[in-house]
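Working notes, beginning with the structure itself.
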Amino acid sequence: MFHFCYPGVEACLYHSSPQSAPSPWRTHSSINLDRIVAGVSILAQGPIAAVVMQLSLKYVKASLIYLVAGGTLLLLTFSHVLAFEMTAFYFMQLYGFVAMMIFGLSYLFVPSFAHAFLHSLRLAKIQFWLMNIGIIGMTMAFSGMLPYSSDLKFLVLGSLSSVVVALYMHFYNLWRTMRAWKGSPGEKLAHATTHQEHTG
C-alpha cells in the first residue's frame, strides 16, 4: 500500500498490489512508473492545469493567426496589391508564428515534465499581451505602409522593448518552473532507473 500526493493538489492516490513481485524500484523512498502516471492524471484534472491549458491554446491560436496573416500579406505583396516590406513579414513570422507557438507548447509541456505547476500564470498572461503589442508594433513600423517621420523610432523602440521584456519573462517563468524538478517524483524515478541500470 502506498499513499501518493502531489503538492498543491487536493487529491491523493491509494494503491495496493499484494500480488506484484518486489523490485528495486518499489521501496519506501523511491517511486515507480505507476505512481508517475497516476500523479500526472491527477494533476491534469486540477483547475490550475485547466487554466494553463487554456492559456497555452491562446498562444497557439495567436500563432496560427500570425501565420495566416503573414501568408495573406505575402500574397497581396507579390500580387502588387500592397507594398509590404519583407522585413516586417520576417519579423511577424519569427516572433508571431514561431515564438508564440513555442511559448504556448512550452507552457503546456514543461510543467508536466517538471512535475510542477507553472510558476506564475500572471506573468504568462502579461507576456502574451506584451508579445502581441510588440509584434504588431514592429510589423507596422517596418511594413513601409506608415509615412516616415522621426516619431517612428519611438514605435520601433517601444515595440522592440515589449518583445524583449516578454522574452525575459518567459525565460524566468520557465526557469522557476523547472526548478521544481529537484526532489520531484520524476527525478526520483530517474535516479531509481539509473541506479538499477548500474547495479543490474
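Every condition in (1) under 30 Å from Ile48 (Cα atoms); (2) of a type in the set (Phe, Trp, Tyr); (3) modelled with pLDDT of 90 or more is met by Phe117 except one, and the failing one is (3).
Table: residues versus (1) surrounded by fewer than 19 Cβ atoms within 10 Å (Cβ to Cβ); (2) touching a helix residue (DSSP H, G or I) at 6+ places or on another chain (Cβ under 6 Å); (3) not small (Gly, Ala, Ser).
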site	(1), (2), (3)
Ser79	yes, no, no
Leu82	yes, yes, yes
Tyr90	yes, no, yes
Val98	yes, no, yes
Gly104	no, yes, no
Leu108	yes, yes, yes
Ser112	yes, no, no
Leu118	no, yes, yes
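For the stretch 63-97, residues that are over 15 Å from Thr139 (Cα atoms) and part of a helix (DSSP H, G or I) total 4. If I filter the stretch 179-190 for residues that are over 30 Å from Val51 (Cβ atoms), in contact with a Pro (Cβ under 9 Å, 6 or more places away or on another chain) and in a helix (DSSP H, G or I), do I get at least one hit? No - not one qualifying residue is present in the stretch 179-190. Restricting attention to the stretch 138-150, does a residue exist that is loosely packed, with under 14 Cβ neighbours inside 10 Å, of a type outside the set (Phe, Trp, Tyr) and over 24 Å from Tyr66 (Cα atoms)? Yes; the residues of the stretch 138-150 include at least one that is loosely packed, with under 14 Cβ neighbours inside 10 Å, of a type outside the set (Phe, Trp, Tyr) and over 24 Å from Tyr66 (Cα atoms).
Against the list (1) under 17 Å from Ile65 (Cβ atoms); (2) part of a loop (DSSP other than H, G, I, E, B), the condition Trp129 fails is (2). Tell me yes or no: at least one residue of the stretch 178-193 is modelled with pLDDT of 85 or more, surrounded by 14 or more Cβ atoms within 10 Å (Cβ to Cβ) and under 23 Å from the mean Cα position of the chain (by Cα). Within the stretch 178-193 (the criterion being modelled with pLDDT of 85 or more, surrounded by 14 or more Cβ atoms within 10 Å (Cβ to Cβ) and under 23 Å from the mean Cα position of the chain (by Cα)), the answer is yes, since at least one residue qualifies. Of all the criteria given as (1) surrounded by 20 or more Cβ atoms within 10 Å (Cβ to Cβ); (2) over 25 Å from His80 (Cα atoms), the one not satisfied by Lys125 is (1). The set of residues in the stretch 83-111 being more than 13 Å from Gln127 (Cα to Cα) and of a type in the set (Ser, Thr, Tyr) consists of Thr87, Tyr90, Ser106. If the condition is being farther than 22 Å from Val98 by Cβ and either outside any helix (DSSP H, G or I) or of a type outside the set (Lys, Arg) (or both), then the stretch 136-157 contributes Gly144, Met145, Leu146, Pro147, Tyr148, Ser149, Ser150, Asp151, Leu152, Phe154, Leu155, Leu157.
Only residues that are in contact (Cβ under 8 Å) with a residue 60 or more places away in the chain and assigned to a helix (DSSP H, G or I) were counted across the stretch 115-126, and they come to 3.
The values are calculated or read from the model by the stated rules, or taken from the named source; none is laboratory data. Note that the coordinates shown come from a computational prediction; the quantities given were computed from them, not determined experimentally. Because the Cβ atoms are built from the backbone with ideal geometry, glycine has one as well, and the counts that use them run over all protein chains shown.
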